[in-house]
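Remarks on the structure that follows.
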Amino acid sequence: MFQSLVDVILPVFIVIGAGYALTRAGYFTAGHIDGLMRFTQSFAIPCLLFRAITTLDLEASFDPRLLASFYLSAGLCFLAGMAGARLIFKRDWEDCVAIGFCCLFSNTVLLGLPITERAYGIENLTGNYAIIAFHSPFCYCVGITIMEVFRNRGRGGGKMAGAVLSAMFKNVLILGIALGFIVNLSGFTVPETVDNALSLIIRAALPGALFALGGVLVQYRPEGDLRAIGFVCAVSLILHPTLVWMFGKSFGLPKDLFRSAILCSAMAPGFNAYIFANMYGRAKRIAASSVLMATGASILTVWFWLMVLG
């Protein structure tokens, strides 16, 4: 099983480490990394998700047991994050929502896709794409809705609904997924020339995003709030996949979908956790440091889950 660490996990983290080291050394500036992150997050990855959804067998992919296993667990982790922030760390409610979002939002794209692909092959990514299709809409809908409930106490539901919809439709990942569904359900075939162009773009998506992630992590230091940060890491890396394991086994989830669900849930909080915290100006240091520390710790926790999965 040591070979799984060498063959599957370390290549992904070497790319992240290269981005971190070269940015820390000054070879790449923050401006370079911001540009690369913007290209991958706002263009290449939406193209990847669009193309994946257009070619997905929707009937075979969207197994209710898969979605229930993953998203019931994610929702419980969000509640655990909020409860822990409130009861253990005595944070105000807006901070609690931001911390809960960190526990909710796994890095299913930048880490989940490449690790699952390296472990089980590109043909076993069906479950990953099914989870990813709902991931950003689900997480942002939960996080934004609950945050707006606390921010707009007594102001009525109209303002809250507007804030939720506005944030959802400004997210390019959600737009890429939505366009993919439209093309898939309409039966429209993407012209071969366009499809070939998309293939060229998406080859750069994951390696570019992993490198940029390493560069972004240079900006953050795991300072202060260490107990809260450790709590977020424990919920994200231990509680979430454990709950998915329990639900997946009880629902009789097929092996390939079960593996995808476990690996997606075992990933560190995604960078969107910091984006959400920054958007509301709440618990930013906890969010940024949790992304950094959990990403490093996930080398070992993902290795553990790969050994358990066999």
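The residue of region 63-98 that is farthest from the chain's Cα centre (by Cα), among those that are open to solvent by less than 40 Å² (accessible area, probe 1.4 Å) and closer than 18 Å to Gly252 by Cβ, is Asp63. Residues of region 45-83 that are not in a helix (DSSP H, G or I) and not polar (S, T, N, Q): Leu56, Asp57, Phe62, Asp63.
Taking the criterion of being open to solvent by 40 Å² or more (accessible area, probe 1.4 Å) and of a type outside the set (S, T, N, Q), the residues of region 249-258 that qualify are Lys249, Phe251, Gly252, Pro254, Lys255, Asp256.
Please verify whether region 135-152 includes one or more residues that are of a type in the set (D, E, K, R) and not in a helix (DSSP H, G or I). No: region 135-152 contains no residue that is of a type in the set (D, E, K, R) and not in a helix (DSSP H, G or I). Just one of the numbered conditions (1) closer than 21 Å to Ala178 by Cβ; (2) over 18 Å from the mean Cα position of the chain (by Cα) is not true of Thr23; which one? With respect to (1) closer than 21 Å to Ala178 by Cβ; (2) over 18 Å from the mean Cα position of the chain (by Cα), Thr23 is out only on (1).
Every listed requirement among (1) free of Cβ contacts under 8 Å to residues at least 12 places away in the same chain; (2) touching a strand residue (DSSP E or B) at 6+ places or on another chain (Cβ under 9 Å) is met by Thr242 save one, (2). Note on region 176-193: residues that are open to solvent by 70 Å² or more (accessible area, probe 1.4 Å) and of a type in the set (A, V, I, L, M, F, W, C) amount to 4. Could you tell me whether any residue of region 19-40 is surrounded by fewer than 24 Cβ atoms within 10 Å (Cβ to Cβ), touching a residue at least 12 places away in the same chain (Cβ under 8 Å) and not in a helix (DSSP H, G or I)? Yes, region 19-40 contains at least one residue that is surrounded by fewer than 24 Cβ atoms within 10 Å (Cβ to Cβ), touching a residue at least 12 places away in the same chain (Cβ under 8 Å) and not in a helix (DSSP H, G or I). Considering the conditions (1) at pLDDT below 90; (2) open to solvent by 70 Å² or more (accessible area, probe 1.4 Å), Val15 is excluded by exactly one of them, (2). Identify the residue in region 275-287 that is within 14 Å of Arg227 (Cα to Cα) and not β-branched (Val, Ile, Thr) and, among all such residues, is modelled with the lowest pLDDT. If we take residues in region 275-287 being within 14 Å of Arg227 (Cα to Cα) and not β-branched (Val, Ile, Thr), then Arg285 is modelled with the lowest pLDDT.
The values are calculated or read from the model by the stated rules, or taken from the named source; none is laboratory data. As the structure is a computational prediction, the values presented were derived from the model and not from experiment. We place every Cβ from the backbone using ideal geometry, glycine too, and count neighbours over all the protein chains shown. Surface accessibility is based on the protein's heavy atoms, side chains included, excluding ligands, DNA and RNA. Shrake-Rupley method; radii C 1.70, N 1.55, O 1.52, S 1.80 Å.
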